[in-house]
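Report on the structure given below.
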Amino acid sequence: MKFNCLTLALCLLLALPVHGGDYSLYYQNLPFELAEPQAPAIPDNTVSLYDFGGVPDGVTLNTDAFAAAVKALEKKGGGHLVVPAGIWLTGPIVLKDRIDLHLERNAIVLMSPEKKLFLRADCKATPGISASKRKDVSISGEGIVDGNGEWWRAVKRGKVSDVEWKDYHRMGGIEADGGNLWYPFDLKHFPNAAGSYKAQEKLRTHLIRFTDCERVLVSGVTVQNSPRFHIVPQRCRQVAIVGVTVRCPWNAQNGDGIDLMNSSDVLVADCTVDVGDDGICLKAGAGKKALKDGPCSRILIRRNTVFHAHGGFVIGSEFSGGINDVAVLDNVFSGTDTGLRFKSGPGRGGRTSNLHINNIVMSDIRDQAIVFEVGYVNVSVGEAADVATTADFQPEFCDISISNVTCRDARIGIQVTGTPSSVHDITLKDCTLFCSEQLSAVPDNVKLVMENVRLLGY
């Protein structure tokens with residue numbers, strides 16, 4: 001990998017902080033043209049949660065205080081809802097147009113372990129923080145959003161120690177699958193949210209979700225311990241997720257970090273992710289409905305660090321709407337199960353186009369540095385494998401350029417489980433992958449274009 005004056009200048013430039021929704025520093029030296037997302041327009045009005053009877057003692061429920069503060073700002077045309085230091089126990093928070101939820105340092109917004117607070121009239125669960133069909137919404141500051149996910153998630157016995165297993169049983173709960181699974185059902189201190197542990201398991205939802213929104217910002221905060229995925233923009237436009245820490249236990253079931261779904265004009269930059277499932281993931285729906293929802297497109301993922309995750313950067317498993325015009329630049333993956341992970345299966349697949357991945361540093365990768373898997377089968381916890389029987393929506397990973405990847409200690413360098421029609425037009429250039437067991441596992445009939453790629457081992 002060459003290091004010259006231009007590279008040094010770019011590194012120094014990118015080291016500068018970003019202020020006031022100006023993301024131009026991230027949009028230097030791109031492999032193709034991308035427009036930076038527009039920042040939310042938030043009026044200068046400010047209210048404190050204290051103004052609406054909020055009590056940050058970790059015991060008082062503040063759901064009504066959050067709702068009243070949002071309503072008051074909505075009447076003013078929007079503004080900043082300041083959450084001061086303390087533990088703000090709450091049920092769901094619903095944001096409206098032109099509102100910024102600002103968490104001051106040492107503020108913790110803690111979702112209540114009382115599951116029934118999150119049930120809607122249709123008996124489905126609502127996310128901890130959400131906005132739907134809104135414009136100019138923001139979550140900012142130096143505080144923490146905590147989903148209290150241990151009260152929701154099933155636990156696999158093989159993923160925890162004896163001490164942890166006993167800790168879960170102190171909460172109550174029940175065992176299933178011959179003692180191989182624990183569910184937070186029939187807990188000691190909180191009622192069930194459904195009639196059976198399997199029905200309750202299906203209620204698990206995301207911690208932060210924006211749906212059909214425009215001009216969205218998540219900046220500075222720590223988002224942790226979600227019941228399911230942590231940050232999910234779905235069918236959104238003009239999104240920036242910058243300087244955010246996302247974390248949960250390494251074994252948290254479905255604990256994805258940042259999942260972009262059918263969204264466009266998105267920046268994910270300077271984030272730290274350490275989670276139980278995929279780190280930074282692009283999805284675009286499964287089947288016919290995904291075609292209407294559209295692709296995940298015009299995405300920049302830059303200067304992020306991913307520690308534990310099933311994959312550092314991931315596409316899939318569902319992307320029937322397509323994944324287009326994506327740049328993944330200057331990221332570090334340290335301790336992930338896989339580095340670059342492309343996964344899908346029949347009925348869930350789509351087509352990728354114009355993906356550029358450059359300057360990726362990986363270390364301590366448990367399995368593959370780069371993997372393409374087109375026979376992926378979705379398995380919900382405690383359920384049988386969801387094997388597709390349709391021949392429609394086959395995955396097609398193509399038009400992907402991967403360059404300047406340095407990896408030390410992956411078990412396998414490059415692995416492909418696919419055919420020439422499902423994995424093609426993949427270019428790898430100027431890469432060094434050091435592997436502990438196997439340099440590559442690529443079928444003879446799948447042709448990857450490689451230029452100056454070094455696959456090394458012991």
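Read-outs: derived from the displayed coordinates by stated rules, not from any lab. This one's a predicted model, so the numbers in the text were calculated from it and none came from an experiment. In this analysis, Cβ positions are derived from the backbone assuming ideal geometry, glycine residues included, and neighbour counts consider all displayed protein chains.
A Förster distance of 41 Å, applied to the separation of the beta-carbon atoms of residue 441 and residue 124, puts the FRET efficiency at 0.50. Sorted fewest first by neighbouring Cβ atoms within 10 angstrom, 265, 22, 364 come out as 22, 364, 265. Taking amide H positions as modeled 1.01 Å from N, with prolines and chain starts lacking one, the residues under 5 Å from residue 357 and 5 or more places away or on another chain are 328, 401, 402, 403.
Taking the Cα centre of the chain as origin, work out the dipole magnitude from +1 charges on Lys and Arg Cβ and -1 charges on Asp and Glu Cβ, in debye rounded to 20.
Here the chain has a charge dipole of around 720 debye.
Rounded to the nearest Hz, the phi-derived 3J(HN,Hα) couplings of region 448-458 under the Karplus curve 6.51 cos²θ - 1.76 cosθ + 1.60 (θ = phi - 60°) are 9, 7, 10, 9, 6, 9, 10, 10, 10, x, 5, where x marks glycine and proline.
Between residue 106 and residue 35, the contour length at 0.36 nm per residue exceeds the alpha carbon distance by 22.1 nm. Sorting the segments 274-283, 30-39, 342-351, 60-69 by their residues' average number of neighbouring beta-carbon atoms within 10 angstrom, most packed first, yields 274-283, 342-351, 60-69, 30-39. Projection of the Cα convex hull of region 155-197, averaged over all directions and equal to a quarter of that hull's surface, yields 3.0 nm².
Please give the helix 63-75 orientation as an angle from the longest Cα principal axis of the chain, in degrees from 0 to 90, rounded to the nearest 10. Computed tilt is about 80 degrees. Taking amide H as placed 1.01 Å from N in the peptide plane, residue 223 has its amide H under 5 Å from the amide H of 145, 245, 246, 247, each at least 5 places away in sequence or on another chain.
In what sequence, highest mean first, do 232-240, 200-208, 42-50 appear when ranked by Cβ atoms within 10 angstrom?
Output ranking for 232-240, 200-208, 42-50: 232-240, 200-208, 42-50.
Pairs of Cα atoms nearer than 8 Å and 6+ residues apart set the relative contact order; for region 311-417 it is 33 percent. Label separation (residue 96 vs residue 366): 4.5 nm, computed from points 7 Å beyond Cα along the C-beta direction. The overall shape of region 365-424 is oblate: from the C-alpha gyration tensor, with semi-axes ordered a ≥ b ≥ c, the ratio a/c is 1.5 or greater and a/b is no larger than b/c.
Residues whose amide H lies under 5 Å from that of residue 174, counting only those 5 or more places away or on a different chain, are 183, 185; hydrogens are built 1.01 Å from N in the peptide plane. Could you please state, rounded to a whole Å, how far the C-alpha centre of region 200-279 is from the C-alpha centre of region 100-131? When both Cα centres are located, 14 Å separates them. For the peptides 181-193, 304-316, the ranking by mean Cβ contacts within 10 Å, running from highest to lowest, is 304-316, 181-193. Rounded to whole numbers, the Karplus 3J(HN,Hα) couplings from phi for region 226-234 are 6, x, 9, 6, 8, 10, 9, x, 10 Hz, using 6.51 cos²θ - 1.76 cosθ + 1.60 with θ = phi - 60°, and x at Gly and Pro. A simple rule links phi to the HN-Hα coupling: the Karplus curve 6.51 cos²θ - 1.76 cosθ + 1.60 with θ = phi - 60°, which for region 125-133 gives 8, 9, x, x, 10, 8, 8, 10, 6 Hz, with x for Gly and Pro. Normalising the average separation of contacting C-alpha pairs (under 8 angstrom, six or more residues apart) by the number of residues puts the relative contact order of region 155-197 at 34 percent. Relative to the longest principal axis of the Cα atoms of the chain, the long axis of helix 5-14 makes an angle of roughly 10 degrees. Considering all different alpha carbon pairs of the chain, the Kirkwood hydrodynamic radius works out to 22.8 Å.
Shape class of region 83-168 from the alpha-carbon gyration tensor: oblate, with a/c at 1.5 or above and b/c at least as large as a/b.
Structure shown: which of 124/283; 202/283; 135/283; 71/198 lie over 26 Å apart, alpha-carbon to alpha-carbon?
As for pairs spanning more than 26 Å Cα to Cα, those are 71/198.
Against the empirical curve 2.2 N^0.38 Å, the C-alpha radius of gyration of region 147-292 lands at a ratio of 1.15.
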